[in-house]
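Let me begin by presenting the structure, written as structure tokens, before commenting on it.
No value in this document is a laboratory result; all are computed from the given coordinates. On a predicted model such as this, the values are computed, not experimentally measured, just so you know. Here the Cβ positions follow ideal geometry from the backbone for every residue, glycine too, while neighbour counts run over all protein chains shown.
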């Protein structure tokens with residue numbers, strides 16, 4: 001096996017950072033309840049809502065990333081792959097700078113810094129090799145990297161990645177969601193389900 005994993009909203013959970021930042025800016029009420037998608041939908045209903053949402057994303061993915069957490073079970077999955085000698089890579093569509101971020105934080109460096117702080121690259125933990133992380137400027141480059149690395153499995157939270165005609169054939173498409181379309185081979189609501197699906201494939 002050879003496994004590729006998306007980064008944003010697949011490995012890293014931004015929900016509480018988005019909510020805190022939105023509340024601080026008065027974009028939603030302090031008692032707002034909902035994950036990132038519900039928050040995005042609410043903000044997009046505001047005047048200039050799409051621009052406001054993009055600015056919020058620029059902050060969260062950059063200066064605010066320190067408040068994000070790994071999804072439960074994600075690091076444990078990577079460590080199991082390392083123990084069982086299954087190569088794992090991060091391949092993510094991430095622009096270098098947020099489109100509407102006045103601070104011009106380098107999002108690639110911010111993401112790598114977050115992974116370092118979370119212990120992803122610690123040799124004693126064996127979770128992930130630092131040179132197995134690729135951030136690509138657009139989806140086309142991401143899919144080209146997925147094809148070039150020859151994965152047996154790819155894990156992503158976006159159906160449109162798997163539905164793209166350039167997604168390489170023969171790669172098992174694991175959607176990190178409770179439900180999905182026919183473009184996906186299996187849908188997993190959490191990393192426990194992802195681990196079960198991947199290692200069941202291993203026999």
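So if R0 is 30 Å, what FRET efficiency would residue 144 and residue 106 give, r being the distance between their Cβ atoms, rounded to the nearest 0.05?
0.85
For a quick protection proxy, order the peptides 67-75, 7-15, 21-29 by their average other-Cβ count within 10 Å, most packed first.
For the peptides 67-75, 7-15, 21-29, the packing ranking is 7-15, 67-75, 21-29.
For the range 1-63 and the range 123-195, compute the distance between their C-alpha centroids and round to whole Å.
Here the two parts' Cα centres lie 21 Å apart.
Under a GNM of the chain (C-alpha, springs under 10 Å), which listed residue has the highest mean-square fluctuation: 139, 83, 112?
Sorting by GNM fluctuation, first place goes to 83.
Once every DSSP H run of n ≥ 4 in the chain is given -39500 (n - 2.57) and the sum is divided by its residues, what mean residue ellipticity at 222 nm do you get, rounded to the nearest 500 deg cm²/dmol?
-11500 deg cm²/dmol
How far apart, in nm, are the 7 Å Cα→Cβ label points at residue 84 and residue 193?
Result: 1.9 nm between the two label points.
Using the 10 angstrom Cβ neighbour count as an exposure proxy, how do 199, 167 rank, fewest first?
Placing the least packed residue first, the sequence is 199, 167.
I'd like the orientation of helix 15-24 relative to the chain: the angle between its Cα long axis and the longest Cα principal axis, in ° from 0 to 90, rounded to 10.
Tilt of helix 15-24: around 10 degrees.
Angle, helix 74-83 long axis vs. longest principal axis of the chain, Cα atoms, 0 to 90°, nearest 10?
Approximately 20 degrees, to the nearest ten.
What ranking of 153, 108, 100 emerges when the number of other C-beta atoms within 10 Å of each C-beta is taken as an exposure proxy, fewest first?
Result, fewest neighbours first: 100, 108, 153.
I need the calculated FRET efficiency for the pair residue 99 and residue 46, taking r as the beta carbon distance and R₀ as 22 Å, to the nearest 0.05. Present the calculation step by step, with values, prior to reporting the outcome.
Details: r = 18 Å, r/R0 = 0.81.
The value I calculate is 0.80.
By how many degrees, 0 to 90 and rounded to 10, does the Cα axis of helix 49-61 deviate from the longest principal axis of the chain?
60
Which order results if 116, 88, 95 are arranged by neighbouring Cβ count within 10 Å, fewest first? The partial results should precede the final answer.
Values: 116 12, 88 22, 95 15.
So the ranking, lowest neighbour count to highest, is 116, 95, 88.
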